[in-house]
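In what follows, a structure is listed as structure tokens, so that the remarks can point back to it.
The values are calculated or read from the model by the stated rules, or taken from the named source; none is laboratory data. Computed from a predicted structure; not experimentally measured. Note: ideal-geometry Cβ built from the backbone for every residue, glycine included; neighbour counts use all protein chains shown.
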């Protein structure tokens, strides 16, 4: 398995300014309910990585892979079972540290929950800025700035229950910026947003990183990760399945071939026929055509054979292609599942 | 303690209450109806102006305050759990108890309204006026009693953080205070169970209230109002200290088990 | 008969769902505690008032044993639509082809059965903890009366619950419905103490008959002696279920018109 481990930062305390987030051998198991008969769930299993100052780091993985659990441990909401997590040089397991860490980090979770619906946007921000003990004199100016940043100035005095989903999501981000955090965790920040608003959110994330905020992001959208993230960790079933820059990850699949076949009809049966020779395949429908991407197990040239098998589905195009992040992701995750 | 968080939570609770009074109104209903029942039962005793009836009205006020306090402290965290705001709160450097304290102070004020509601309707429906013997002592004492209930509420809200079944816990906890505070009948009728009343701060408050309001009321002890007051204050401090310790333990626990955000 | 057989499936499924839902939120032991603890305290609380007021304690204890159905059935059943709105499942339920009434009827069944249990337990406690004399009890009458109480009170609760489909104030309505019996239905003092016009309302509530008939059955009245309250309770139960059905249709339509399905 092509696992790369590049120790960008070690646990040397002198390295702290360089790496606000250092994670080593992190594990967390959730105990099953008594009498439920279910086994305990190992949510995160021996994960190590580090994030540099001002970097946007991506945590990718399928649902239930342990992304959110990891973020919760990194944001002091959950205490790890084993391993170390150092946030801004402070160990999260040491009692008392969490208060100091919390002043300097924040978290945005995707989805609609997490705001007081009966309060206006401004009242929400005011409440949270008080919980961060922000000077009363500075609050009004700060809140106006935040509202402008997320383009909600016009809706500032409207109750959150009347916000659209995109507005709520931007309000989440504003809420998470009230303490001007040095580290911002974003748990699927663009989930359920329309493409235009999602793009605005990505621009905002980029801007925050450029101004020095360290960002750890989880997402399902590969193009988003490819666009934003300097480095990425792919996790599957709580374990690391790949770690590095997009280019480095692409290196891990250098020895394999990706073939893309575009057909008129759904080539499902053909895909089943060749399943023995491929490490993974994925078919997507777009623009009335079917695009099947296949990753071969070895470099054997089976293009002519594929041509024959797929011919009855009306081949529009067939040929080798460069691996995308999505190919790598699907390959690493399916490798882990098998 | 973050005082800004306390005052902001107080305001937040106020805004939410005014936007959505239906969450708190239910808490008025049961204690109000209990008082009506008690008045009907006592009116069988005879004279509507008898001290027994007046003590029932006062006790009804205390019932009203407690119903509200329990409901509000149970609901506050449940609401955040449901609303998904518990995580953002936990994420701040402010302790959960600061937020709950601020909200409790608002709830205390609403509790006072509940008490007044009972007093007014006793006057209107039954013609039992609350003519207080010593008003100068009575009102401060009413507010003190209210805070003693709030301190129990604060302690219990720790329990509500732990459970998803907050409504069930509320239902189970509602009556013990009604019974043991001696609000609607003298603690002496409890016989062997009376000592439970002695460890409840509001029982001392109720006792002091009745002693100031009603001529000829027999105090719980022979030591008089000052003693009752001192006992109430002492027990309140014990409750608050217990609440702080409980919250510390619980916050650590939920960080270990990760069960807080389930609804 | 397809009208009934189709609905029977929905009712059964909804009933099972509500049981599962109850026991995933709370452990059976806690569920049992909340069934009996408030009732024991209520019996104790009001009997102490009775003692202090020099009234009949047994009268109050039996009354409150029957009123225990308030929490287990009236509150639970009348609150169902409000709860569904709150957890956001109202819309999927409405768009299902099953019909809201069948679903809520099914969900109510468990609470109605719980109401039967809670009165049965409370009367047992009345005998063993509070020493209410059961020497001349007519057991058959008691069982029939409790069954009919659960049935008829379930009916009125469903009717009250239907308002919650439309109104935001379902929690307030459910609370009033739960406790109003304490004043109205002769639980703690005779209905005759109430003003005349309130008495008329009291005799529209099945609980009034339930309380009176239970006291009768405990002091030895047979089923024939109690024929009148029994017939009235059956009649009221059926009447309220029909009304509940009509009100469900009405409020469902109204809230679809005004788009208030998931507003709480």
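Summary table below
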{"read-out": "Matching entry among B:148, B:157 (being modelled with pLDDT of 80 or more and more than 26 Å from residue B:89 (Cβ to Cβ))", "value": "B:148"}
{"read-out": "Condition check for residue C:111: within 14 Å of chain B (Cβ to nearest Cβ) and more than 11 Å from the chain's Cα centre (by Cα)", "value": "no"}
{"read-out": "Test: residue in region A:25-46 that is touching a strand residue (DSSP E or B) at 6+ places or on another chain (Cβ under 7 Å), without any contact (Cβ under 8 Å) to a residue 60 or more places away in the chain, surrounded by fewer than 16 Cβ atoms within 10 Å (Cβ to Cβ) and more than 13 Å from chain B (Cβ to nearest Cβ)", "value": "yes"}
{"read-out": "Residue within region B:91-106 that is within 13 Å of chain A (Cβ to nearest Cβ) and at pLDDT below 85 present", "value": "no"}
{"read-out": "Selected residue [within 18 Å of residue A:214 (Cβ to Cβ), away from every other protein chain (no Cβ under 14 Å) and surrounded by 24 or more Cβ atoms within 10 Å (Cβ to Cβ)] from A:87, A:56", "value": "A:56"}
{"read-out": "Region A:108-151, residues that are within 8 Å of another protein chain (Cβ to nearest Cβ) and in contact with a strand residue (DSSP E or B) (Cβ under 8 Å, 6 or more places away or on another chain)", "value": "A:109, A:117, A:118, A:119"}
{"read-out": "Residue check for residue B:175: surrounded by fewer than 22 Cβ atoms within 10 Å (Cβ to Cβ), free of Cβ contacts under 8 Å to residues at least 12 places away in the same chain and within 14 Å of chain C (Cβ to nearest Cβ)", "value": "yes"}
{"read-out": "Helices (runs of 4 or more DSSP H) contained in region C:66-180 and holding at least 3 residues modelled with pLDDT of 90 or more and under 22 Å from residue B:167 (Cα atoms)", "value": "C:100-128, C:139-166"}
{"read-out": "Residue within region A:158-168 that is touching a strand residue (DSSP E or B) at 6+ places or on another chain (Cβ under 8 Å) and either farther than 19 Å from residue B:11 by Cα or more than 9 Å from chain B (Cβ to nearest Cβ) (or both) present", "value": "yes"}
{"read-out": "Exclusive hit being within 19 Å of the chain's Cα centre (by Cα) and surrounded by fewer than 20 Cβ atoms within 10 Å (Cβ to Cβ), set A:161, A:100, A:151, A:112", "value": "A:112"}
{"read-out": "Filter pass, residue C:210 being farther than 30 Å from residue C:90 by Cα, under 20 Å from the mean Cα position of the chain (by Cα) and within 14 Å of chain B (Cβ to nearest Cβ)", "value": "no"}
{"read-out": "Residue B:165 being more than 14 Å from chain A (Cβ to nearest Cβ) and over 30 Å from residue B:230 (Cα atoms)", "value": "yes"}
{"read-out": "Single match in B:33, B:18, B:63 (criterion: within 11 Å of another protein chain (Cβ to nearest Cβ), closer than 21 Å to residue A:130 by Cβ and at pLDDT 80 or above)", "value": "B:18"}
{"read-out": "Boolean, residue B:47 is away from chain A (no Cβ under 11 Å) and either farther than 26 Å from residue C:176 by Cβ or modelled with pLDDT of 80 or more (or both)", "value": "yes"}
{"read-out": "Hey, residue A:297 within 30 Å of the chain's Cα centre (by Cα) and not assigned by TED's automatic domain parsing to the domain that holds residue A:30 or not", "value": "yes"}
{"read-out": "Subset of region A:63-88 that is touching a residue at least 12 places away in the same chain (Cβ under 8 Å) and assigned to a helix (DSSP H, G or I) - its residue that is nearest to residue A:330 (Cα to Cα)", "value": "A:67"}
{"read-out": "Hits in region C:48-62 - residues which are in a helix (DSSP H, G or I), facing another protein chain (nearest Cβ under 10 Å) and closer than 23 Å to residue C:214 by Cα", "value": "C:48, C:49, C:50, C:51, C:60"}
{"read-out": "Single residue of region A:296-322 satisfying the filter (within 26 Å of residue A:222 (Cα to Cα) and at pLDDT 80 or above) that is surrounded by the most Cβ atoms within 10 Å (Cβ to Cβ)", "value": "A:318"}
{"read-out": "Single condition residue B:191 does not satisfy, out of (1) on the phi > 0 side of the Ramachandran plot; (2) surrounded by 20 or more Cβ atoms within 10 Å (Cβ to Cβ)", "value": "(2)"}
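Table: residues versus (1) more than 8 Å from chain B (Cβ to nearest Cβ); (2) touching a residue at least 60 places away in the same chain (Cβ under 8 Å); (3) farther than 26 Å from residue C:67 by Cα.
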position	(1), (2), (3)
C:8	yes, no, yes
C:12	yes, yes, yes
C:15	yes, yes, no
C:19	yes, yes, no
C:22	yes, yes, no
C:28	yes, no, no
C:36	yes, yes, no
C:41	no, no, no
C:45	no, no, no
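Okay, residues lined up against (1) assigned by TED's automatic domain parsing to the domain that holds residue A:184; (2) touching a helix residue (DSSP H, G or I) at 6+ places or on another chain (Cβ under 9 Å):
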site: A:200; (1), (2): yes, yes
site: A:207; (1), (2): yes, yes
site: A:214; (1), (2): yes, no
site: A:234; (1), (2): yes, yes
site: A:237; (1), (2): yes, yes
site: A:241; (1), (2): yes, yes
site: A:264; (1), (2): no, yes
site: A:273; (1), (2): no, yes
site: A:284; (1), (2): no, no
